[in-house]
């Protein structure tokens, strides 16, 4: 599949802003699992489509969930 020149892909919308989430909670492991790769890495903003505010909150929440053993550090 070839990209046409001059055309940009559609901008992704922040899933947290759509749901009107004030702050991202580390206890919502099922929601946070969507933003982790198969290898256990946190997806970057350009791929996940999050806004900068929610991306920072999401990163902290994933790290806290890992410490509380709600999310794995690595997936084998």
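What to note about this one:
- With contacts taken as Cα pairs under 8 Å and at least 6 residues apart, segment 15-67 reaches a relative contact order of 47 percent.
- Over all pairs of different C-alpha atoms in segment 15-67, the reciprocal of the mean inverse distance, the Kirkwood hydrodynamic radius, equals 11.1 Å.
- Fluctuation leader among 33, 64, 46 - the chain, Gaussian network, Cα springs under 10 angstrom: 46
- Within the chain, helix-based [θ] at 222 nm, where runs of 4 or more DSSP H residues each add -39,500 (n - 2.57), nearest 500: -9500 deg cm²/dmol
Read-outs throughout are calculated quantities, based only on the coordinates presented, and are distinct from any laboratory measurement. Quick caveat, the model's predicted, so the values are computed rather than measured.
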